[in-house]
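Colleague: Right, I'll just put the structure down here and ask away after.
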Amino acid sequence: MRTFKTAWFSKAARKALIRDSELCSTVQKARQGLADDLGGGVFKTRLNKNMHRSIILAKGGEYWIFEYLFAKKDRDNIEDDELEAFRALAKHYEKLSHAQLALLLQNEDFMEICHDDKAQV
């Protein structure tokens with residue numbers, strides 16, 4: 001199991017002072033069913049002592065991608081149209097080949113933060 005964050009998410013998490021170790025721990029909990037399953041490979045989790053929410057997109061347990069972050073104080077939830085867009089993106093991610101994933105990593109569109117529950121250094 002591999003876990004990634006997008007370049008956008010990385011910047012947002014850095015501003016919110018959310019460390020990769022917290023993200024790895026959060027994914028472990030999500031895999032155990034301790035996240036809101038929004039359907040279609042989309043999960044919502046709590047971060048940063050419940051001050052932030054993250055949207056994680058999952059590809060059949062093979063890898064998880066932190067896609068979106070928002071502060072609870074700024075908004076209660078994502079909108080229905082955003083949820084549909086995240087579901088469509090999750091389907092797109094499901095079709096990524098290993099070569100396409102490698103290219104996303106090479107171009108720094110994705111950053112790997114954990115692999116088999118071990119944080120990347």
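The values are calculated or read from the model by the stated rules, or taken from the named source; none is laboratory data. Small disclaimer: the values here were computed from a predicted structure and weren't measured. Quick reminder, even Gly has a Cβ in these numbers, built from the backbone with ideal geometry, and neighbours come from all protein chains shown. To get the accessible areas, we keep the full protein, side chains included, count just its heavy atoms, and leave off ligands, DNA and RNA. Shrake-Rupley method; radii C 1.70, N 1.55, O 1.52, S 1.80 Å.
Colleague: Defining a contact as two alpha carbons under 8 Å apart and six or more residues distant in sequence, what relative contact order in percent does the chain show?
Modeller: Relative contact order here is 36 percent.
Colleague: Please compute P(r) over all alpha-carbon pairs of the chain, binned at 5 Å starting from zero, and give each bin as a whole-number percent.
Modeller: 2, 12, 23, 27, 22, 11, 3, 0
Colleague: Now a separate question. Order the following by accessible area, largest value first: 22, 94. Probe radius 1.4 Å; ligands, DNA and RNA are ignored. Don't skip to the answer; put the middle values down first.
Modeller: Numbers: 22 55, 94 95 Å².
The residues order as 94, 22, largest area first.
Colleague: Mind checking which of 69, 34, 17 has the largest fluctuation in a GNM of the chain, springs on alpha carbons under 10 Å?
Modeller: 17
Colleague: Okay, next question. Write out the trypsin sites (Lys or Arg not before Pro) in region 46-106 meeting two conditions: DSSP loop, and at most 11 other Cβ atoms within 10 Å of their Cβ.
Modeller: When the trypsin sites (Lys or Arg not before Pro) of region 46-106 are filtered for loop state and at most 11 Cβ neighbours within 10 Å, 49, 73, 75, 95 remain.
Colleague: Near the amide H of residue 72, under 5 Å away, which other amide H atoms are found, from residues 5 or more places off or on another chain, if H is placed in the peptide plane?
Modeller: Counting only residues 5 or more places away or on other chains, the set is 52, 53.
Colleague: In debye to the nearest 20, how big a dipole does the chain give about its Cα centre with +1 on each Lys and Arg Cβ and -1 on each Asp and Glu Cβ?
Modeller: Here the chain has a charge dipole of around 460 debye.
Colleague: Which residue fluctuates most in the GNM of the chain (Cα springs below 10 Å): 97, 54, 25?
Modeller: 97
Colleague: First compute the accessible area of the chain with a 1.4 Å probe, then give the percent of it belonging to carbon and sulfur atoms.
Modeller: Here carbon and sulfur together make up 49 percent of the probe-accessible area.
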